[in-house]
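Just below is one structure, and these are the notes that go with it.
The values are calculated or read from the model by the stated rules, or taken from the named source; none is laboratory data. Keep in mind that this is a model prediction, so the values were computed, not measured. When we count neighbours, we look across all protein chains shown, and the Cβ atoms used for this are built from the backbone with ideal geometry, even at glycine.
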Amino acid sequence: MRPEVLVGSLTSLLDRLVSEVVTGATRATTARGLYALALPGGSVASACFPALARVPLDWSVTHVFWVDERAGPPSSPDSNFELARSLWLDSSTASPSSIHRMPADHPNLDEAAALYAAELRRVLGEGPHLDLVLLGVGPDGHVASLFPGHPAFFEEHQLVVPIVDSPKPPPRRLTMTLPLLTSARCVIVMALGKSKAAVMHEALTREDSMLPISLVVRRAQQSLVLLDEEAATV
C-alpha cells in the first residue's frame, strides 16, 4: 500500500503524529483492550518524545516497546531506552509493567533476542502485531538497526535478532525484524534534514529499491511518512 506523505514544519509534523497516536490508542483500546507502540532512538526520538509526553495515554492499557537498542547499560546516554525515559516516560504515569525495555545489555545477545520475542508474545499474543511503529531513517536508508545488505535485514522468521557487527557503532545491538515492523497496524516514518532527502526520494519513487526504508513503506499495512522541507528536497 502506498504511504501517505506529509511535508511541513516540525510543528505540523508533530501535531499530526500526536493526532495519530491519540486516534490509534482510542481505536486499539476499544477493539482489543490494549495499545502497543514501538519507539525509535536518535534524532526522531529527541524531536518527538517531548510532544508525545503531552498525550494523555491510558497507561493501564498502554505498552511501550523499542524497535532497536544498542548494547550497554540502560542508563547510558547512548541508550534508546534512556532517551525515552528522560524525555517522556519519567514524566508519565506509566507503571513498570507498561515499559518493555530491550535487554541489549545481556551478555548473550541471542538469548536477549529470544527473551524479547517471548515478551512480545506474552503481551500481544502469538503472531504479535504492534499498533504503532515509529521510525527514523538514516542517511544510508537504514531503519531500526536494519542496515542495507546486512543479513539481519533479510531475516523473515524471527521477531527480534541480535547484531554483533553493525556497520554503525556500536557494533552490538538488538533489533526488531522487517516482518514484525511491517506487520504493525500503522507505521510512521519521520525524516528530518537534508541528509535524508536522497533515501526518502528513492523510497517513495522507486519500486525496485532494496533500501530498508523502501521495503518498510512498501510492505506496511498502513504507513505515514512525515518529512520536513529539507528531507523532501529532491
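Computed values, structure above
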item: Flag for A53 being farther than 30 Å from D165 by Cα and either within 17 Å of the chain's Cα centre (by Cα) or surrounded by fewer than 20 Cβ atoms within 10 Å (Cβ to Cβ) (or both); result: yes
item: Any chance S214 is of a type in the set (G, A, S), at pLDDT 95 or above and farther than 20 Å from L14 by Cα; result: yes
item: In segment 77-95, residue surrounded by the fewest Cβ atoms within 10 Å (Cβ to Cβ) [restricted to those that are touching a Phe, Trp or Tyr at 6+ places or on another chain (Cβ under 9 Å) and not in a loop (DSSP other than H, G, I, E, B)]; result: S86
item: Count of residues meeting criterion [touching a residue at least 40 places away in the same chain (Cβ under 8 Å), more than 23 Å from V7 (Cβ to Cβ) and polar (S, T, N, Q)] in segment 175-206; result: 2
item: Residue tally, condition surrounded by 23 or more Cβ atoms within 10 Å (Cβ to Cβ) and closer than 29 Å to T29 by Cα, over segment 178-204; result: 8
item: Spans of strands (runs of 3 or more DSSP E) in segment 1-74 with at least 3 residues out of contact with any Pro (no Cβ under 8 Å at 6 or more places or on another chain) and either more than 17 Å from S86 (Cα to Cα) or not small (G, A, S) (or both); result: 4-7, 35-39, 62-66
item: V55 being within 22 Å of G33 (Cβ to Cβ) and either touching a helix residue (DSSP H, G or I) at 6+ places or on another chain (Cβ under 8 Å) or not aromatic (F, W, Y) (or both); result: yes
item: Residues of segment 121-151 that turn out to be surrounded by fewer than 23 Cβ atoms within 10 Å (Cβ to Cβ) and not in a loop (DSSP other than H, G, I, E, B), as a count; result: 6
item: Exclusive hit being polar (S, T, N, Q), more than 17 Å from the chain's Cα centre (by Cα) and at pLDDT 95 or above, set S86, S91, S98, S145; result: S86
